[in-house]
1. Where residues in segment 80-106 are closer than 14 Å to Leu62 by Cβ and among the β-branched types (Val, Ile, Thr), which of them is least open to solvent (accessible area, probe 1.4 Å)?
2. Can you name the helices (runs of 4 or more DSSP H) wholly within segment 12-73 that have at least 1 residues being open to solvent by 80 Å² or more (accessible area, probe 1.4 Å) and at pLDDT 80 or above?
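The values are calculated or read from the model by the stated rules, or taken from the named source; none is laboratory data. A quick note: this is a predicted structure, and the numbers were derived from the prediction, not measured. We place every Cβ from the backbone using ideal geometry, glycine too, and count neighbours over all the protein chains shown. Note: areas computed on protein heavy atoms with side chains; ligands, DNA, RNA excluded. Shrake-Rupley method; radii C 1.70, N 1.55, O 1.52, S 1.80 Å.
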Amino acid sequence: RALVAARAMGADPLVDAATALARRARLDVDADAPAPDPAVEDPLVPFGLTEREREVLELVALGRSNPEIAERLYISRKTVSVHVSNLVAKLGVSGRLEAAALAHRLGTTP
């Protein structure tokens, strides 16, 4: 996983270190495989969501309310409301229900 993540970030020194560690551990990794294209791997990349917005979207898609999300993420209800508003705008949907439906369609929910 570290090797895949390092490749996705373009962190060549980390790729080299992870590859060397895998070889020493005799793990079968394809060190010469190209880095995965994050836009292909992650359907949310085109929407430009922050990491926190992704977390909020996942919880919205699970049917959690703003107070439940706030408690889960240790943030205020108002902050959750702002994140949900940003999600709606970035995803180009009319509300949290459509945002949840889009997340399910894209396969980004557990």
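1. The residue in question is Val80.
2. On the way: elements: 12-24, 38-41, 51-61, 66-73.
It comes to 12-24, 51-61, 66-73.
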